[in-house]
Amino acid sequence: LFALSAAAVSRSMAALERDVWALPGHLLRVLLPLLTVFHLERAEDAARRAGLSTQPIWRKLWDDVMKTRPPNSESITCWRKKFLETFFSNVLHGVLDVSSDWRLNDRHFSPLLHSSPHVSQLTLCNMLQAAVELTAEHNNQVLENLAGSLRVLKFQHLLSCDQSVRHSLVLLLHRLIHHGSVSQVSMYSWPVPDTVLLVLILTMSAGFWRSGDALTYHGRPCCLCRKEDKGQSRESAQEGAERGCNAEQEGSGGENQKRSPREADAHVNSVLSGPRSPPLRNPACEETNSEVPCGHSSIQGGSSPHSSSEQLSCHPIPRKTCTRMKPAVGRKRRCLRRSRGHYADPEDLYDFVFTVAREDNSGLLDKTRTTEGENTENWNSSSSGSPCTGHAGCKKRGGPAGILSLKAAHRFRSVSTLELFSIPLTGEICRTLSNLLSSWVSLENLVLSYNGLNANISCILSGLRALSRHPECRFRALRVSDVFSHMPCMELVRCILSALPQLHTLSVSFDLKNQLEGSRPEVNPSCSEAEVPESCLEVLEIRFPREPLHTVDLLLVLKASKSLQQLSLDSATLPCPQELGLLLEVLKECTPNLKKLSFHDVNLAEHQKEVLLLLQDPSLQEITFSFCRLFESSSAEFLSEIINTVKRNSSLKSLKLPGNRLGNHRLVALADIFSEDSSSSLCQLDVSSNCIKPDGLLEFTKKLEGHIQQRGGQLPFTHLRLFQNWLDQDADTAQEALRRLKAVCSVVNDAWDSSQAFADYISVM
């Protein structure tokens, strides 16, 4: 090593590294912990060839530099990626000083540049200064690396920002989404959202940008747009020239076959200067009279960056006339391919977003405005994805946001997952989002959580209904959660499945039934009477707002969901004991593919027979009874019946019993599931929040070890979850029990303060 160090004076760093990485494995093992992050990252291949793992070194780096325990640390498979990804974010946001540790302070090491290839998700916060930094000219290569590696882009706690910052955000989104690899955009905790900024993020996530204005990076137009534009121009020109030649040959007998080069060039130029293609009609509108206004256009296009060769229109075209539409921004309309020399002024980058006060005589806003007395189909009774005019809140027009105009927009690549958490969505924003959703063919997952939608959910469903009728639609998962439910949960589920029968995953969750007891907005009767067509539903999750289970509606949904594989019912109140038996009967008859069944916070104390029937069902592989008060009024015989039933069921793989007050004696009894005479294949057992003490856990461990010896060392049991139990009451006993358990299976627990559960402890005693 000393000789190599001396040789560094006269030899290049690359040659020196080749010699170092060629060291024998035992020397390399000593050297790796002494390297800086820059050299450690470059030593990965050499370490792999020598059969060495750098994971312990990266984990120690995390502990020394980050000084925090990462969430779900047991599931982290690559500490190198975890460290470099978090390191990138901390440096970008200015919360980590690279001079704080000698392993980070290397003159060859550029923190953002060298860690960016490992970043798959990134969070932008507050004033979006990180966006300004990433789009700075000196970080061009960093942005290029992110365009290839980043998959998830998150926004959190955003604040209003000035025009220059928004311009930087536009450049960032354009590179990472339109010409990058970002497939998911998530926004969190924005109590008072900036309407312009929110609509801008939604619009660019959907793949739209204003046609005719080229994005500029530091005074230069986007080279990727120009390359794409040139390729499409050649294709369109060639196709147009071929069509023109064929038509002339058919019409004139080939008189123009000997066209001169100058004439040929003039013909190609005429093709380029003309419109790309006629505006596309909305198939939903073609089913109705052409005079009926339509709020959505089923715009052809998708997530591919090459799908932008078609001119977009956001309103239907009358069948008998073909008039040119007035541009949304009041400028002379031009072809995108002839506007390469025109670069967008930062001050008007965003006026393409809104139409209010800008499209007085044309555009989607006026096309969708209904006059008094005009009959309009509402969202739940229309079969064609009509505009969201089903309630008073959705009929209102005007305001600062208006409806997004897509007629002058250029279509780029778009994301497949959109998540909005704790962001109030007004009626105007909902209409804009609905308009985007109607043609967002790349969208596969939509999460709307605590957005205060109430009746505005109808507007969202209107856009999704229009999207579902698009031939290239890939939408498969919808998750809606909020504080208040403006209609019964099952009624909403029926409406959603009636509008979107192609859904694979549906999750509906509400905390409370109504803001005011007894108050309920008017709901169109057709919603509750909507038939549930046969669906493709595979996962159904419902959290009821403390309301009785509408068993009839649930049974209709289950009968239409032959492909259902997972069902979760949370906080449901069973009206009578017979309801659960009827539900189990329908599940057995109509959902043969059901593999996972979960009940959470459902009182099953008086349904012991139904619980045993579920545990012996040969089709179920995972059963969850979470906080279901199983043993509240049961006898010791009930626990024995549960154990014997599970012992005979060879198909059950996972049994989760959190929050059922098992206590020590019931936990010890559960060990008999794995006795020598058992045919159980149970792999996972969850006994979290069950008042288990260290001595009970140790006794359970000893009994389990005895069964293992009787079975010759073979046991299917692999995972035990012990969250929120009273293991802190005797640390030594708990450590011994955990040490012996970890030799048998994987144990997941936490350091929980049991004093918080003193009241529960007294009740168990």
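The values are calculated or read from the model by the stated rules, or taken from the named source; none is laboratory data. Since the structure is predicted, the reported quantities are computational estimates derived from the model, not experimental observations. Cβ coordinates were reconstructed from backbone atoms using ideal geometry, including for glycine residues, and neighbour counts include every protein chain displayed. With ligands, DNA and RNA removed, areas are computed over all heavy atoms of the protein, side chains included. Shrake-Rupley method; radii C 1.70, N 1.55, O 1.52, S 1.80 Å.
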Completion exercise
Going through (1) part of a helix (DSSP H, G or I); (2) over 30 Å from D750 (Cα atoms); (3) without any contact (Cβ under 8 Å) to a residue 60 or more places away in the chain one by one, L52 fails only at (1)
Practice task
Please specify each residue of the stretch 133-154 satisfying the condition of being buried (at least 16 other Cβ atoms within 10 Å of the Cβ) and in contact with a helix residue (DSSP H, G or I) (Cβ under 7 Å, 6 or more places away or on another chain).
Solution key: E133, L134, T135, N139, V142, L143, N145, L146, A147, S149, L150, L153
Exercise for the section: Could you grab the pairs with beta carbons closer than 7 Å, sequence gap of 6+ or different chains, first residue in the stretch 83-101 and more than 16 Å from W58 (Cβ to Cβ), second one assigned to a helix (DSSP H, G or I) and acidic (D, E)? Expected result: L92/E133
Completion exercise
Subset of the stretch 467-507, residues open to solvent by 10 Å² or more (accessible area, probe 1.4 Å) and in a helix (DSSP H, G or I), comes to S468, E491, R494, S498
Handout entry: Residue that is nearest to the chain's Cα centre (by Cα), among those in the stretch 737-759 that are at pLDDT 90 or above and open to solvent by 70 Å² or more (accessible area, probe 1.4 Å)
Key = K742
Exercise for the section: Would you check if L620 is closer than 17 Å to S563 by Cα, under 32 Å from the mean Cα position of the chain (by Cα), part of a loop (DSSP other than H, G, I, E, B) and at pLDDT 95 or above? Expected result: yes
Problem - Test: Q129 is at pLDDT below 95, loosely packed, with under 15 Cβ neighbours inside 10 Å and more than 23 Å from the chain's Cα centre (by Cα) - result: no
Problem - Failed condition for L61, given (1) at pLDDT below 95; (2) open to solvent by 30 Å² or more (accessible area, probe 1.4 Å); (3) not in a loop (DSSP other than H, G, I, E, B) - result: (2)
Completion exercise
By my count, strands (runs of 3 or more DSSP E) wholly in the stretch 657-765 with at least 1 residues that are touching a Lys or Arg at 6+ places or on another chain (Cβ under 8 Å) and farther than 21 Å from S626 by Cα are none
Practice task
Among what's in the stretch 83-122 and is of a type in the set (V, I, T) and within 24 Å of the chain's Cα centre (by Cα), pick the residue that is nearest to N139 (Cα to Cα).
Solution key: V119
Problem - the stretch 622-647 - residue that is more than 16 Å from H607 (Cβ to Cβ) and touching a Ser or Thr at 6+ places or on another chain (Cβ under 6 Å) and, of those, surrounded by the most Cβ atoms within 10 Å (Cβ to Cβ) - result: V646
Completion exercise
Note on the stretch 538-560: residues at pLDDT below 95 and part of a loop (DSSP other than H, G, I, E, B) are F544, P545, R546, E547, L549, H550, A560
Fill in the blank from the handout: Checked against (1) touching a residue at least 60 places away in the same chain (Cβ under 8 Å); (2) under 13 Å from L540 (Cβ atoms); (3) within 21 Å of the chain's Cα centre (by Cα), L461 satisfies every condition except (2)
Completion exercise
By residue number, the members of the stretch 561-573 that are open to solvent by 60 Å² or more (accessible area, probe 1.4 Å) and either under 21 Å from the mean Cα position of the chain (by Cα) or modelled with pLDDT of 95 or more (or both) are Q565
